[in-house]
């Protein structure tokens, strides 16, 4: 009887361990849903934000690279969308003696921000925004470098938006 119970406990534990080990983290945020949008390698043809903003038109396909930021809150709550800033701009945290509590807002470069900022909006296969906060979905944070591939959409208030079908998140 003890052998049967012990064998049953071992079988249950084996199933539990197998279930845990089969769930691998597929994204920076550990969310399996995120994997369908993530690139495993950084695209070689990525262009910096300022170059893309200057040259791209609506519906152009682009691959753009930047760092998450551009304001105190670069996120869109409950949507996989965020602002990125051209890598040529220097956040306050990388300026000697600057103790800004929100270095990702690039407050030292306000004059350059408009021409050096783009919104990345991750969209599903039907072109609809993914309705999950990017911080939770991808595990991203301010000042992290992101490469996004998608189509340009300049919205009615002049914001430069990339409807991204794929992104690469630098470690």
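Derivation of every value follows stated rules applied to the coordinates shown; laboratory data play no part. Note that the structure is a prediction, hence the values are computed from the model and not measured. Note that we place each Cβ from the backbone using ideal geometry, even for glycine, and neighbour counts take in every protein chain shown.
Points to keep in mind about this one:
- Hydrodynamic estimate: the Kirkwood radius of the range 29-171 over Cα pairs, inserted into Stokes-Einstein at 4 °C and 1.567 mPa s, corresponds to D of 86 µm²/s.
- Cα centroids of the range 41-57 and the range 102-171: 12 Å apart.
- Put simply, when 148-157, 74-83 are sorted by average Cβ atoms within 10 angstrom per residue, most first, you get 74-83, 148-157.
- Projected label distance in nm at residue 60 and residue 78, using a 7 Å step from Cα toward the beta-carbon: 3.4 nm
- Gain in span if fully extended, residue 100 to residue 166, counting 0.36 nm per residue against the direct Cα distance: 20.5 nm
- Fraction in percent of alpha-carbon pairs per bin - 5 Å, the range 68-114: 5, 24, 30, 21, 13, 6, 1, 0
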